[in-house]
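Okay, structure first, notes after.
The values are calculated or read from the model by the stated rules, or taken from the named source; none is laboratory data. Note that this is a predicted model, so its numbers are computed, not measured. Note: ideal-geometry Cβ built from the backbone for every residue, glycine included; neighbour counts use all protein chains shown.
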Amino acid sequence: MESKFKVEYSGTVLKVILSGKLDANNSPALSEELSKFKGKTITEMVFMAKDLSYISSAGIRVIVFAKQKVGENSKVFLISASETVLDVINMTGLANFMTLQDTYQG
């Protein structure tokens, strides 16, 4: 399954809606899209992962890149991730700098 994503920017919130797989084949396109928001005021980066079935190390790098280069001072949220995705997030230590939630109100 190919990755699909939609990026929405409203106020100071950057929301990324993910589905399918986020891996080395398709993470560069997401990274390129997120880089367009560099310099914008972003207080929250929200990754909606309900329909994300898989994330590889390349997908992890996109999230780290987004935090470091786009939303350096922002809070990062991962919403409704599957157990498979959460296992990878926890294994890599990424859970230490993001908030994992079932829902997002914003």
Does residue 32 fit the bill of being of a type in the set (Asp, Glu) and over 19 Å from residue 99 (Cα atoms)? yes
With over 23 Å from residue 25 (Cα atoms), in contact with a strand residue (DSSP E or B) (Cβ under 6 Å, 6 or more places away or on another chain) and at pLDDT below 95 as the only criterion, which of 39, 71 stands out? 71
Based on what the data block shows, is residue 49 within 20 Å of residue 95 (Cβ to Cβ) and free of Cβ contacts under 8 Å to residues at least 60 places away in the same chain? yes
Looking at the stretch 5-58, which of its residues are charged (D, E, K, R), surrounded by 15 or more Cβ atoms within 10 Å (Cβ to Cβ) and within 19 Å of residue 104 (Cβ to Cβ)? 15, 44
